[in-house]
């Protein structure tokens, strides 16, 4: 632990007992954890946050993926921010402590042999982490072996392989992602909290449109023929956030056609929904938002029916932004 002045044993004596009693540890601006976890056992450490320092003095030999095996076996929460040189093939070799319940991983991976050629889509195997409930990552990859007991997945702007998620994580209840890839099978049935990019909705829309086109030919291309897949998803949600912070589709023609809560969806019940947030720089169509909402936060839309608010008996939290037309409308709550 000689990287830290206050651990100088010549001045302060042995700190081994103190470190072995630590339950939470936050390490910032360090180049390696080899010395730290090879000198002290950290028998009671359950929560570790690690930020690696990538300055001009950093050397590749300062860190190796095998260093993950030095982490205390009792660790439950790991927040690892490592914007350093890790190659594609190395990532899959990482072995995390098997007792982890929460994992946050920020790693930039380079293609093997030439880091100047750009980033690669790495593989990551988490299938042995049977206790992992919460996983946050920013890996540009569609190849992750998810643990079967995962409850919450946060992937920011990344597109998630929906088919794999459905088969691997049957108990998932919370999902944050930019969009979907490999839309096959069904949507995880237990998800009640969804944060998604606008691109994610257009992914679902285009998937259903293409499916119906294959089944019925070019004659069946109406909105009500193409949207039930997304309506089915919305009917199981309690909390929905839509944001173009997670990426906007290039096909603005699709956005013009798409309505999140269309009137044609009479056969679907959205009364489970309690909170709805939409943050967009484009005027998206919201449609008939559910009257069951307790919280509504919207940035820009072109079709919000303010007259319906008098039927929103449970609405206690309202926020509108960048909506000039609200000044012209009388709202009844």
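Could you please rank 71, 204, placing first whichever residue has the fewest other Cβ atoms within 10 Å of its Cβ?
71, 204
In which sequence would 311, 146 go, from the one with the fewest C-beta neighbours within 10 Å to the one with the most?
311, 146
What ranking of 297, 23 emerges when the number of other C-beta atoms within 10 Å of each C-beta is taken as an exposure proxy, fewest first?
Ordered from fewest to most neighbouring Cβ atoms within 10 Å, 297, 23 come out as 23, 297.
Provide the gained length on full extension for the span residue 310 to residue 130, in nm with one decimal, where the gain is 0.36 nm per separating residue minus the Cα-Cα distance.
Here the segment from residue 310 to residue 130 would lengthen by 60.0 nm.
Only the coordinates and a few stated rules stand behind these numbers; no lab work does. Source: prediction; values computed, not measured. Quick reminder, even Gly has a Cβ in these numbers, built from the backbone with ideal geometry, and neighbours come from all protein chains shown.
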